[in-house]
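Enquirer: There's a structure below that I have some questions on.
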Amino acid sequence: MSPSVGRHLLRLGTRSSQSTVLLRQHRPTSAQRLYASEAAQAVVDKPETLSSYASTREKTAKAESKSFAVGIFKGRLTTDQVFPYPSVLNQEQTQFLKELVGPVGRFFEEVNDPAKNDSLEQVEETTLQGLKELGAFGLQVPSELGGLGLCNTQYARLAEIVGMHDLGVSVILGAHQSIGFKGILLFGTKAQKEKYLPKVASGKTLGGLGPHHLLIASFFHSNGGIADVFTVFAKTPIKDAATGAVKEKITAFVVERSFGGVTHGLPEKKMGIKASNTAEVYFDGVKVPAENVLGEVGGGFKVAVNILNNGRFGMAATLAGTMKAIIAKAVDHATNRTQFGDKIHNYGMIQEKLARMAILQYVTESMAYMLSANMDQGFTDFQIEAAISKIFGSEAAWKVTDECIQIMGGMGFMKEPGVERVLRDIRIFRIFEGTNDILRLFVALQGCMDKGKELSGLGNALKNPLGNVGLLIGEAGKQLRRRTGIGSGLSLSGVVHPELSRSGELTVQALEEFATVVEAKLIKHKKAIVSELLTPTLIYLIDEQFLLHRLADGAIDLYAMVVVLSRASRSLSEGHPEAQHEKMLCDSWCIEAAARIRENMANLQSSPQQQLFRNFKSISKAMVESGGLVTSNPLRI
Amino acid sequence: MAELRALVAVKRVIDFAVKIRVKPDKSGVVTDGVKHSMNPFCEIAVEEAVRLKEKKLVKEVIAVSCGPAQCQETIRTALAMGADRGIHVEVPAAQAESLGPLQVARVLAKLAEKEKVDLLFLGKQAIDDDCNQTGQMTAGLLDWPQGTFASQVTLEGDKIKVEREIDGGLETIRLKLPSVVTADLRLNEPRYATLPNIMKAKKKKIEVMKPGDLGVDLTSKISVISVEEPPQRLAGVKVETTEDLVAKLKEVGRI
């Protein structure tokens, strides 16, 4: 083994043990534990000016990011947040959580009636009351203020239970506490917390989240018709102290319905989550007292981003629970149903469906709990991973539920078994809290951000890009290899359980392929991509979205690989009875993900693919001009 | 102002919804990793005691359980339902397997005297062994009157009126305190432990003690020889006519 490779492996070994030490230091005792709220507070406390979003990002980027996702764009294997699979609950928290799981599960099994809630298009009154008494409305509010003071990991476990039973209720609870009053939890002053948190924790007052740039009305506002306390984002004129110029910046407010001027429209009729109230909310001449500003005046965008970021893990946890319940139904059907002379679970096509469903659930669950643990450990750079978990979870849940209906055949289509209701409920999860399309662009652009800056070192070459592209790509490849040692100096051995070493290798290879393409593309498009990131509302590149979409998919696949490697490694090391099964799930995922990444990245470099993008653009343009399809049927009649 | 104090005994059993599997060595059923909860009849007993406290007829409700460390989870559930404090009579896991009604009755009798309680509530039987003996044995050891299979309980000063469900119908008896009452299904519907109450229960005390501290000997004169699954139900046979049916029944010696 060449000395530089050895040195790199050693360095990786050191790094991973350092990160293990780091993680041990982070393992919370009740005194040291950093709640997500405090972690976010740490972000808020950093000295901030009212300058553009980009310079804010620059400052945080200067401290080396511990995010795995940020690392892969630079061809780095950043293991701090992902290996070993984090375990953050202390004895007391574990014990407490165990005590909570039973009663919550029982309530949803015996009291809540999801079918009824769906047909009534609201949660039954007695159930709602029961939920309030249960304490479900203030899970993360500190106990001194009337809540349960759960950390993110504990919250995730309970969110799983709600997701297993009723997504409508899940959205009501989530819109209330995961985003509705999260702002007060994260950014509220002591006075604001004491005023609002006890009320919202008991469910006496319901919370909702307003849009971030519509001043007068909010469309599709969850809990809009029933919430009494809103976190609202509105444009406010801010005077720049230095220049005296007046700019419009977003500020976050806590708005009470009782302030007057808050009205709402009729509840919207929806495809799913019918029990959840969705309504337009109008704010007309609402007088908001100065002490109701949340965070800094003009700092609303950061408040919004942090709230959404902070709440995303909840969705992955919820959907992991939904998938668990759906898979149980599918397995039950496959086990008992006889068709064509055999129980259908003996047929290969059914076996593939069930296996794929289990793998998707395993990945989502692993992401959810890794993310919640990272947040509990006090890590602050997890926004890309949070976005990835939302994209992955919502798409996985849709596929799993859809396949369950397929396995059940005609029965799946009927109302009675309840699976069609879940499919209807799930559809919105790919849309709200940031559409998966926008989030993909976010993942790609945010990931490229740091890398783009690094490449400014290649400034001279960029002055004559056309002449130097070949040189630059070669240069980039060389840089990559130099940084990582000869050949594949990056390695997960020593970090990943030996039984998973093949999957570990696949992951590292995939990472290299990914990073190489990122670098090449950034050199080609750098100016355009980076300049787009300077605008606070992240108006995305029109032409480059085909590329960004595929880069995001690569990042998602890579994070998924690493997450299951980490979890399966831990299970194998700890000798769990299901560890061998987890190994199969992990290996299967890695085989397909690696192949997908290879194909995606190869495509991005190929000419036929570029032609494809050009075709898409032209086809779409023609369709717009036509007002629909351009072609008529073959009969031309 | 009520001065009455109640002791409620609760048992940790395999959850009723779990599919029971017998261990391959036939020594018992599989308990490792299996979901456990409070015996449903014990829940009803706790609920009744807590309701009496809420009506201010009882001053203090103490929850007790005998067994290994995990019993504390069951005691915590009782605390979350409203009991004031708990007592865990710790028995190591290996010995706990041979804990039967007589041993538990001895423990409860000693505790009832030590704590000077006026009422001892239990569930009528546990859903794992279906013994239906512990309450009765404890009353015998204490020489206290007993009201078993209670479907309604009314405190009357220093007496307690118990309506019992028996085979012939309902029997109402009046007992002098102190007495033992075992709960039947229709006595009440237990409340759901709410999460805030579970949180408050964390602050309530559980006293841990050993059977030796109470001077109780736990040796059992009973040993389990084997535990087996019930025989598989055989498939039925279809016949065409009533004559065939009679012939078949004669064949198997049923008529």
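What follows is calculated from the coordinates using simple rules that are stated; it is not laboratory data. Since we're looking at a predicted model, the values are computed, not measured. As a convention, Cβ positions derive from the backbone with ideal geometry for all residues, glycine included, and neighbour counts pool all protein chains shown.
Enquirer: So, in nm, how far is label residue B:250 from label residue A:631 when the simple model puts each one 7 Å beyond its Cα toward the Cβ?
Expert: Label at residue B:250, label at residue A:631, 7.9 nm between them.
Enquirer: Sticking with this one: Need one value for A:102-110: mean number of C-beta atoms belonging to other chains within 10 Å of its residues' C-beta atoms.
Expert: Working: counts 11, 8, 5, 0, 3, 4, 0, 1, 1.
Taking all residues of A:102-110 together, the mean is 4.
Enquirer: Can I ask one more? Quick one: which residues, 5+ away or cross-chain, put their amide H under 5 Å from the amide H of residue A:249? H built at 1.01 Å from N.
Expert: Here A:236, A:238 satisfy the definition.
Enquirer: If you don't mind, another one. Using a ≥ b ≥ c from the Cα gyration tensor of the stretch B:132-182 (square roots of the eigenvalues), is it rounded, prolate or oblate, where a/c under 1.5 gives rounded and otherwise the larger of a/b and b/c decides, a/b for prolate?
Expert: The shape class here is oblate.
Enquirer: Mind checking the full-extension length gain between residue A:340 and residue A:191? Use 0.36 nm per residue of separation minus the Cα-Cα distance, one decimal, nm.
Expert: 46.8 nm
Enquirer: Hey, another quick one. Looking at the stretch B:38-95, I'd like the Rg to Rh ratio, where Rg is from alpha-carbon atoms and Rh is Kirkwood's inverse mean 1/r.
Expert: 1.02
Enquirer: I would also like to ask the following. Can you work out the FRET efficiency for the pair residue B:26 and residue B:217, with r the C-beta to C-beta distance and R0 = 35 Å, to the nearest 0.05?
Expert: Working from the Cβ atoms, E equals 0.80.
Enquirer: Same structure again: Rounded to the nearest 0.05, what FRET efficiency do residue A:549 and residue B:240 have when you use their Cβ-Cβ distance and R0 = 45 Å?
Expert: E between residue A:549 and residue B:240, to the nearest 0.05, is 0.10.
Enquirer: Projected area of the stretch A:249-384, taken from the Cα convex hull and averaged over every viewing direction, in nm²?
Expert: Convex hull of Cα atoms, orientation-averaged projection: 13.0 nm².
Enquirer: Rounded to the nearest 500, what is chain B's calculated 222 nm mean residue ellipticity when only DSSP H runs of at least 4 contribute -39500 (n - 2.57) each, over all residues?
Expert: Only helices count here, giving -8000 deg cm²/dmol.
Enquirer: If you average 1/r over all unlike Cα pairs in chain B and invert the result, what Kirkwood radius do you get in angstrom?
Expert: Evaluated on chain B, it is 19.9 Å.
Enquirer: Now, a different point. Using modelled amide H (1.01 Å from N, peptide plane; none on Pro or chain starts), what sits under 5 Å from the amide H of residue B:60, excluding residues fewer than 5 places away?
Expert: Correct list: B:6.
Enquirer: Determine the shielding of peptide A:309-321 by partner chains: average, over its residues, the number of Cβ atoms on other chains within 10 angstrom of each Cβ.
Expert: Mean partner-chain Cβ count within 10 Å for A:309-321: 0.
Enquirer: Now, a different point. Please give, to one decimal in nm, the separation of the simple spin-label points placed at residue A:243 and residue A:109, each 7 Å out from Cα toward the Cβ.
Expert: 6.3 nm
Enquirer: Using all Cα-Cα distances in the stretch B:10-123, what percent lands in each 5 angstrom bin from 0 up to the longest?
Expert: So the P(r) values, bin by bin, are 2, 11, 20, 23, 20, 11, 7, 4, 1, 0, 0.
Enquirer: Taking the stretch B:85-132, how much of its Cα-Cα pair set, in percent, is spaced more than 13 angstrom apart?
Expert: Beyond 13 Å sits 67 percent of the P(r) for the stretch B:85-132.
Enquirer: If packing is taken as the mean number of other Cβ atoms within 10 Å per residue, what is the order of B:14-22, A:591-599, highest first?
Expert: A:591-599, B:14-22
Enquirer: If you count, for every residue in B:72-81, the Cβ atoms of partner chains within 10 Å of its Cβ, what is the mean?
Expert: Working: counts 1, 4, 0, 0, 4, 3, 0, 1, 4, 0.
Rounded to a whole number, the mean comes out at 2.
Enquirer: Which of the peptides A:414-422, A:344-352 is most tightly packed, and how do the rest follow, judged by the mean count of other Cβ atoms within 10 Å per residue?
Expert: Descending packing order for the listed peptides: A:414-422, A:344-352.
Enquirer: Please count, across the stretch A:284-421, the pairs of lysine residues with Cα atoms under 21 Å apart that sit 8 or more places apart or on different chains.
Expert: The number of close lysine pairs in the stretch A:284-421 is 13.
Enquirer: Applying the Karplus parametrisation 6.51 cos²θ - 1.76 cosθ + 1.60 with θ = phi - 60° to the phi angles of the stretch A:313-322, what ³J(HN,Hα) value in whole Hz is obtained for each residue in order, glycine and proline being reported as x?
Expert: Computed from phi, the couplings for the stretch A:313-322 are 4, x, 5, 4, 5, 4, 5, 4, x, 4 Hz.
Enquirer: What are the extents of the Cα atoms of the stretch A:159-292 along their three principal axes, in Å, largest first?
Expert: Result, largest extent first: 55, 32, 26 Å.
Enquirer: Now, a different point. Please list the equivalent ellipsoid semi-axes of the stretch B:67-205, computed as the square roots of five times the alpha-carbon gyration tensor eigenvalues, in descending order and whole angstrom.
Expert: Whole-Å semi-axes of the equivalent ellipsoid: 25, 19, 16.
Enquirer: Compare the peptides B:30-40, A:180-190, B:238-248 by average per-residue count of other Cβ atoms within 10 angstrom and give them in order, highest first.
Expert: So the order, starting with the most tightly packed, is A:180-190, B:30-40, B:238-248.
Enquirer: Here is a follow-up. Take the alpha carbon atoms of the stretch A:226-317, find their radius of gyration, then divide it by 2.2 N^0.38 Å using N residues; give the quotient.
Expert: 1.31
Enquirer: How many angstrom lie between the C-alpha centres of the stretch B:156-203 and the stretch A:550-589?
Expert: Going from one Cα centre to the other spans 51 Å.
Enquirer: Could you pull out every residue, at least 5 positions away or on a different chain, whose amide H is within less than 5 Å of the one on residue B:147? Hs are placed 1.01 Å off N in the peptide plane, and Pro or chain starts have none.
Expert: B:180, B:181, B:182
Enquirer: Now for a different question. Using the Cα gyration tensor of the stretch A:375-414, with a ≥ b ≥ c the square roots of its eigenvalues, what is the shape: rounded (a/c below 1.5), prolate (a/b larger than b/c) or oblate (neither)?
Expert: Judged from the Cα gyration tensor, the stretch A:375-414 comes out prolate (a/c at least 1.5, a/b above b/c).
Enquirer: Label-point separation (nm) for residue B:94 and residue A:612, each offset 7 Å from Cα along Cα-to-Cβ?
Expert: Taking the two extended label points, one gets 6.6 nm.
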